[in-house]
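A quick write-up on the structure given underneath.
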Amino acid sequence: MNNTMNNILLLMGAASLPLSAAAQALQETATEPPTLVERISGKETSPLSSHLKLQLNSMGSALFTDGELERARFSINGVRMVIQGQFHENFSYYFRQSYTRNFSPTETDDVSMALEQMILTWKPSRRLTLDIGKQCMLLGGYEFWVAANRVRFYSDFNSTMSSYQTGVNFGVHLSPDHTLNLQALNYRPATEAAYYTYGLPEGMELTKAPFIGILNYDGYFADRALNLRYAVAGAPLANGRPQYFVTAGNTWEKGRVLAYLDVMYAYEGIDSKGLISQLSANRPEGGTTAQYASYLSTIANLDYRIHPQWNLYVKGAYETARVLRSNGCYRKGLYTRTWSVQGCVEYFPIKGEDFRFFLHVLHKQSRTTHLARTLGATDHDTQRISLGLEYVIPVF
């Protein structure tokens, strides 16, 4: 392909490579620790290289609430392009463009354009890397890191996270299998009052330093079959109210099995997730943003490749939401318990290609406590049946 065509493609933007391929690519013995770009994309870069791929996820689904059909529709849930490469032995890049908004079952044809990631990586030595630009926060476990198209239905915890922010990451590679990362990023909840469900509580002002700091450990064990990804993070909200995260991702991938257990906790001086605040929507006085909120989420998944062309997985999640200190209309205590279970069958018609049809089934139960019911909240169940396809096209 000539230089003109390459330049045109570089201007088109980038979309996600399947992050689920990262662990498989990194099972191969490396003489040097992988960069953030390589871990995200699952593809090793080489000097003066450039690669482009397209990804599409589309499906037809039927959504039920309390057993009654709410809506059925076709949707495009992910259209992305990614360009990555290396223009010097010490410099690489990862540029990803999305053409879809965040998936919502109440919308149709979620087509738009958004820059998700734009990372320049400098590797001054075998032990150090510096990533500059818009990048994924190094939080959470497998569900948080894997490509969005691979997650048929997110947990409540991850669906309310702002994953991509602009800033820097310092990576210290203790060995090819163990890395410490320190990120300093912009943090949207600290810069937009509208981010809170019912605005900022009265008398509060946004912080003038809207940053989040993240310390992450990323390690491989058992011949790189076991990946442990742990992190702690903190950010100031309004009036100095803090927000903290503690997350642990545990992934096993070997042979036909992919299994993971994610545990995530968040404390929020002001409820930026909004899962508790939205419980007050039916109050005669109207809704109000909660304070001193905490969220705990546990996600377990098991994939089993029963045949080179067939994959099955089952996934479950249990999540709770609490208020740790009484404030306004919110009393201290537990407000919700949420269970969900998912099952999926995937068929790969072309061996060796990342092209699949899938049938996905979801059942989710949201249960409120007496504290939530005093605010007018109620219990509800959700079911969804989806039939779709997903493919990744290597352009060059």
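Collect the residues in the stretch 246-265 that are under 16 Å from Ser162 (Cα atoms) and crowded, with 22+ Cβ neighbours inside 10 Å, keeping them in residue-number order. Within the stretch 246-265, Thr247, Met264 meet the criteria. The set of residues from the stretch 248-291 being farther than 30 Å from Asp223 by Cβ, assigned to a strand (DSSP E or B), of a type outside the set (Gly, Ala, Ser) and in contact (Cβ under 8 Å) with a residue 40 or more places away in the chain comprises Tyr267, Ile270, Gln291. Residues in the stretch 195-211 include at least one that is touching a helix residue (DSSP H, G or I) at 6+ places or on another chain (Cβ under 8 Å), part of a strand (DSSP E or B) and open to solvent by 20 Å² or more (accessible area, probe 1.4 Å). Residue check: is Ala300 surrounded by 21 or more Cβ atoms within 10 Å (Cβ to Cβ), within 24 Å of the chain's Cα centre (by Cα), modelled with pLDDT of 95 or more and within 25 Å of Asn216 (Cβ to Cβ)? The answer is no for Ala300. In the stretch 326-334, the count of residues that are modelled with pLDDT of 95 or more and open to solvent by 80 Å² or more (accessible area, probe 1.4 Å) is one or more. Taking the conditions exactly as written (at pLDDT 95 or above, polar (S, T, N, Q) and surrounded by fewer than 16 Cβ atoms within 10 Å (Cβ to Cβ)), does Gln365 satisfy them or not? For Gln365, the condition - at pLDDT 95 or above, polar (S, T, N, Q) and surrounded by fewer than 16 Cβ atoms within 10 Å (Cβ to Cβ) - is met. Being at positive phi, surrounded by fewer than 18 Cβ atoms within 10 Å (Cβ to Cβ) and either in a helix (DSSP H, G or I) or free of Cβ contacts under 8 Å to residues at least 40 places away in the same chain (or both) is not true of Gly376. Kindly indicate the residue of the stretch 382-394 that is modelled with pLDDT of 90 or more and open to solvent by less than 30 Å² (accessible area, probe 1.4 Å) and also farthest from Gly60 (Cα to Cα) among those meeting that condition. Looking at residues that are modelled with pLDDT of 90 or more and open to solvent by less than 30 Å² (accessible area, probe 1.4 Å), I get Thr382. I'd like to verify a number: residues in the stretch 137-193 that are part of a loop (DSSP other than H, G, I, E, B), surrounded by 19 or more Cβ atoms within 10 Å (Cβ to Cβ) and of a type in the set (S, T, N, Q), how many? Of the residues in the stretch 137-193, 1 are part of a loop (DSSP other than H, G, I, E, B), surrounded by 19 or more Cβ atoms within 10 Å (Cβ to Cβ) and of a type in the set (S, T, N, Q).
Picking from residues in the stretch 117-136 that are among the basic types (Lys, Arg) and in a loop (DSSP other than H, G, I, E, B), the one that is farthest from Asn186 (Cα to Cα) is Arg126. Among residues that are of a type in the set (Ser, Thr, Tyr), touching a strand residue (DSSP E or B) at 6+ places or on another chain (Cβ under 7 Å) and over 26 Å from Tyr93 (Cβ atoms), Thr197 is not included.
Among the residues of the stretch 218-228, those that are open to solvent by less than 30 Å² (accessible area, probe 1.4 Å) and in a strand (DSSP E or B) comprise Asp218, Gly219, Tyr220, Asn227. Residues of the stretch 96-114 that are surrounded by 15 or more Cβ atoms within 10 Å (Cβ to Cβ) and at pLDDT 50 or above: Arg96, Gln97, Ser98, Tyr99, Thr100. Reported count of residues in the stretch 331-355, each being without any contact (Cβ under 8 Å) to a residue 40 or more places away in the chain, assigned to a strand (DSSP E or B) and not acidic (Asp, Glu), is 9.
The values are calculated or read from the model by the stated rules, or taken from the named source; none is laboratory data. Just so you know, these numbers come straight off a predicted model, no measurement behind them. Positions of Cβ are backbone-derived with ideal geometry, glycine not excepted, and every protein chain shown enters the neighbour counts. Heads up: the accessible areas ignore ligands, DNA and RNA and are worked out on the full protein's heavy atoms, side chains in. Shrake-Rupley method; radii C 1.70, N 1.55, O 1.52, S 1.80 Å.
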